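The values are calculated or read from the model by the stated rules, or taken from the named source; none is laboratory data. Everything numeric here is computed off the predicted structure, so don't read it as measured data. Counting neighbours? That spans all protein chains shown, and the Cβs are built from the backbone with ideal geometry, glycine included.
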Amino acid sequence: MEPISPNIDVQEKISFVSTGLVLRSFTFSLAVFLIVHAISLGVWRLFVDSRLAVWKYSPQPFGMYLFWGILVLVFIGFNFNMAGFSALKQPVRGCVATVLTFALAFLLPATLVYGYGALDSAFSAVGGTGYGAVGLIVLIGFYGFGILATGMAGWPWSDSGLSPVLSGFAQLVSGCCLTGLGYFLLIYPSISTASAPHAILLPLPVAIGWFYSVIVAWLTTFLIFDNWPWSMLRRKSHMALAALVGNFLLGTALYGVHLALLRWVLIPPDAIEKIGEMFPSWPAQLGVWIAFWLIFWANVAGNWPNRFGMGTNRVIRAASCWSLGLISFVVYTRWFSAAVLHEAEIVPGFGGDPLTWVDLLNYVMLIYVVYFQFYGLSRK
């Protein structure tokens, strides 16, 4: 499968020009993996590392700007299908798109924190409380904007005859509605500082862990399963609505499975006790590793395998991504986070914050794949 496309009906329109070093499939995937990790580690050393950072902005506001960078990339790369950049050649195209993404990733959340935050203290920069509140918008928005461009194939705007730019704006408005609804139902009641209490639909840790499981379900069905089972529906509107709602059902099942894995296999009992009431959010910490491999598998590794029957292909892909996700989680929490990234341990031999590091990996990977189109490398 080509890089995540805003419309599964027009994926063939996205092409990559063979430039630079030509590598066989496995070597190509390994090279991209190493490039993404090297760049991410460089960024980490500059801004995040508790021992070695040149400019330390972690955990906030680095996390907030990072998350919004991912959301802006969804806007430009998926909802707008890189409209306005196609006339530029690489690497100029990638550089211009990246600079614009960085600018918007700073401008949009800063407007909320330093502007709207003066009206609502939940979003205020005073004491840093607003950084997390604004960053959590991306948790909902990644699905709210992303599902429109992928599993829903841009419906209903892709069938309206609108130009790519107008269709992108229409998706942007729709994504704002979905994101706003989800945020004010799931997140805002738990962080609001208003004198009148809000009814809390789900405790915040549960909302974070459960919703990230929904994101994993969406990425799995679209990337690894080729939008199955929703693609079985013939009418585009039915497929789009089934994808929008169905991922919540699958995500709920995944949330239960991930909680059980974390409690009984992946996290030591003393660490669970130390994590305490935040434990229900940890499916997000596991889910982000699985999401990394889902995105990598479909966009870098060529969605291997493709030689067997469709059902067999999908089972092998899913098993590969989940296995790598679980292994990565264990290696990260028990060694890499403390030894390489210098993150704090929760208990001796276990710790770290996977969401920040892996989202940085995802951000760098998507910039290289979507904006730069693997510039400098080609798959043989």
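A few remarks follow.
- Looking only at segment 324-376, and only at residues there that are among the aromatic types (Phe, Trp, Tyr) and in a helix (DSSP H, G or I), the one that is nearest to the chain's Cα centre (by Cα): Tyr363
- Residue check, Ser25 in contact with a strand residue (DSSP E or B) (Cβ under 7 Å, 6 or more places away or on another chain), at pLDDT below 95 and either under 23 Å from Trp289 (Cα atoms) or of a type in the set (D, E, K, R) (or both): yes
Yes/no per residue for (1) buried (at least 17 other Cβ atoms within 10 Å of the Cβ); (2) assigned to a helix (DSSP H, G or I); (3) in contact with a helix residue (DSSP H, G or I) (Cβ under 9 Å, 6 or more places away or on another chain); (4) at positive phi:
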site	(1), (2), (3), (4)
Gly117	yes, yes, yes, no
Gly151	yes, no, yes, no
Trp155	yes, no, yes, no
Leu166	no, yes, yes, no
Ala170	yes, yes, yes, no
Val173	no, yes, no, no
Cys176	no, yes, yes, no
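- Candidate set from segment 59-88 (those that are among the polar types (S, T, N, Q) and buried (at least 20 other Cβ atoms within 10 Å of the Cβ)); member that is nearest to Phe106 (Cα to Cα): Asn79
- For segment 37-59, the set of residues classified as assigned to a loop (DSSP other than H, G, I, E, B), touching a residue at least 40 places away in the same chain (Cβ under 8 Å) and of a type in the set (A, V, I, L, M, F, W, C) consists of Val48, Leu52, listed by residue number.
- In the set (1) in contact with a helix residue (DSSP H, G or I) (Cβ under 8 Å, 6 or more places away or on another chain); (2) within 22 Å of Val32 (Cβ to Cβ); (3) in contact (Cβ under 8 Å) with a residue 12 or more places away in the chain, Val330 fails one condition alone, (2).
- Residue pairs meeting the criteria (Cβ under 8 Å; at least 6 apart or on separate chains; first farther than 11 Å from Trp68 by Cβ and at pLDDT below 95, in segment 136-149; second surrounded by 24 or more Cβ atoms within 10 Å (Cβ to Cβ) and among the β-branched types (Val, Ile, Thr)): Ala149/Val74
Results for (1) in contact (Cβ under 8 Å) with a residue 40 or more places away in the chain; (2) assigned to a helix (DSSP H, G or I); (3) under 24 Å from Leu204 (Cβ atoms), shown as yes or no for each residue.
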| site | (1), (2), (3) |
| --- | --- |
| Tyr255 | yes, yes, yes |
| Leu261 | yes, yes, yes |
| Ala271 | yes, yes, yes |
| Met278 | yes, yes, yes |
| Gly287 | yes, yes, yes |
| Trp293 | no, yes, no |
| Trp297 | yes, yes, no |
| Arg317 | yes, yes, no |
| Cys321 | yes, yes, no |
